[in-house]
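Enquirer: Here it is, the structure in full.
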Amino acid sequence: MRAQHIRTAFLDYYQGRGHTVIPRSGLVAEEDGTTLFTGSGMQPLMPYLLGEPHPSGLRLANCQPAVRAQDMVEVGDNRHTSFFEMLGNWSLGDYFKEQQIRWFFDFLTRIVGLDPHRLYVTVFGGDVSARVPRDEEAAQIWKQVFADAGIEAQVAVIGTQSDGDARGISPGERIFFYGDEENWWSRGKGLAGTPVGDPCGPDSEVFFDFGPEHHDPTHGLPHPASVLRR
């Protein structure tokens, strides 16, 4: 699938599930004085994520161009770019984790055609000092989703990226708990870097295993949050 096919398939998929496809915002952040460029799909939707009603309803989908100057030093590996598009589906107080996880797995495996046996997921492992618990709910949903696809999915507690570099993946493991540096959704980096008043929270991410031939052993053992430079 080319980029245009994926973009169209994503928006069509969620439009068929009650989402309104909204126009993309400009690359220059005209409504947000905190950044020069739009840096994420969430940025133009900030007022609505914080509770303001959206004129198009509770279910939205979009394709948002973004520029990430903070990633420029990483450009050249297999996951970082400076200019890209972000596809997003947004629930403004409507559905939550169960539906989101099941729809995304269905889109990746049935529509895009990814092999579910090569998918691995990460979830938030909690933070005692911030009194934010481990996201057991998301982990259990993923476990059931994989089970429905006939795949055993054991859960592993990793922690940090360096912990994963030293530990790697044990047979049967497919769902991994990481700390806030990897699985905390916000415009900042981790819990400490989250701007006050911004929408934020535990997140879950999906990774595709390209095979051991694409892993550089100088970065430790392979795991979902490893650097994985080619």
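Enquirer: Just to be sure before I move on: is V21 open to solvent by 50 Å² or more (accessible area, probe 1.4 Å) and either in contact with a Ser or Thr (Cβ under 6 Å, 6 or more places away or on another chain) or over 23 Å from G193 (Cα atoms) (or both) in the structure I sent?
Expert: yes
Enquirer: A further question on this structure: Could you tell me whether region 190-204 includes any residue that is open to solvent by less than 50 Å² (accessible area, probe 1.4 Å), under 30 Å from T35 (Cα atoms) and not in a loop (DSSP other than H, G, I, E, B)?
Expert: Within region 190-204, one or more residues are open to solvent by less than 50 Å² (accessible area, probe 1.4 Å), under 30 Å from T35 (Cα atoms) and not in a loop (DSSP other than H, G, I, E, B).
Enquirer: From the set of residues in region 107-127 that are open to solvent by 40 Å² or more (accessible area, probe 1.4 Å) and in a helix (DSSP H, G or I), which is farthest from P47 (Cα to Cα)?
Expert: By that ranking, first place goes to H117.
Enquirer: Still on this structure, I have one more. Give the residue, chosen from A130, A139, that is aliphatic (A, V, I, L, M), under 23 Å from T194 (Cβ atoms) and surrounded by fewer than 18 Cβ atoms within 10 Å (Cβ to Cβ). I'd like the intermediate steps shown before the answer.
Expert: On the way: A139 fails: surrounded by fewer than 18 Cβ atoms within 10 Å (Cβ to Cβ).
Only one candidate qualifies: A130.
Enquirer: Identify all residues within region 158-171 that are of a type outside the set (G, A, S), surrounded by 14 or more Cβ atoms within 10 Å (Cβ to Cβ) and outside any helix (DSSP H, G or I); write none if there are none.
Expert: Hits for region 158-171 are I158, T160, I169.
Enquirer: Okay, moving on. Could you pull out the residue among R187, R174 that is open to solvent by 70 Å² or more (accessible area, probe 1.4 Å) and in contact (Cβ under 8 Å) with a residue 12 or more places away in the chain?
Expert: Among R187, R174, only R187 is open to solvent by 70 Å² or more (accessible area, probe 1.4 Å) and in contact (Cβ under 8 Å) with a residue 12 or more places away in the chain.
Enquirer: Still on this structure, I have one more. Considering only residues that are in contact with a strand residue (DSSP E or B) (Cβ under 9 Å, 6 or more places away or on another chain), hydrophobic (A, V, I, L, M, F, W, C) and in a loop (DSSP other than H, G, I, E, B), which ones fall in region 24-73?
Expert: L27, A29, L36, M42, L58
Enquirer: Within region 154-171, track down each residue that is in contact (Cβ under 8 Å) with a residue 12 or more places away in the chain and either touching a strand residue (DSSP E or B) at 6+ places or on another chain (Cβ under 9 Å) or β-branched (V, I, T) (or both).
Expert: Of everything in region 154-171, those that are in contact (Cβ under 8 Å) with a residue 12 or more places away in the chain and either touching a strand residue (DSSP E or B) at 6+ places or on another chain (Cβ under 9 Å) or β-branched (V, I, T) (or both) turn out to be Q154, V155, A156, V157, I158, G159, T160, Q161, G164, R167, I169, S170.
Enquirer: Under the condition of being out of contact with any strand residue (DSSP E or B) (no Cβ under 8 Å at 6 or more places or on another chain) and not small (G, A, S), which residue from region 3-18 is surrounded by the most Cβ atoms within 10 Å (Cβ to Cβ)?
Expert: That would be Y13.
Enquirer: Of the numbered conditions (1) buried (at least 17 other Cβ atoms within 10 Å of the Cβ); (2) under 16 Å from the mean Cα position of the chain (by Cα); (3) of a type outside the set (F, W, Y), E85 fails exactly one; give the number of that condition.
Expert: Only one criterion is unmet by E85, namely (1).
Enquirer: Go over the candidates L50, L58 one by one and state the one that is over 17 Å from the mean Cα position of the chain (by Cα), open to solvent by 30 Å² or more (accessible area, probe 1.4 Å), farther than 17 Å from F107 by Cα and touching a residue at least 60 places away in the same chain (Cβ under 8 Å).
Expert: Going through L50, L58 in turn, the sole match is L50.
The values are calculated or read from the model by the stated rules, or taken from the named source; none is laboratory data. Just so it is clear, the structure is predicted and the values come from calculations on it, not from any experiment. Methodologically, a virtual Cβ is constructed for each residue, glycine included, from the backbone with ideal geometry; neighbour enumeration extends over all protein chains shown. Side chains included, ligands, DNA and RNA excluded: accessible areas come from the protein's heavy atoms. Shrake-Rupley method; radii C 1.70, N 1.55, O 1.52, S 1.80 Å.
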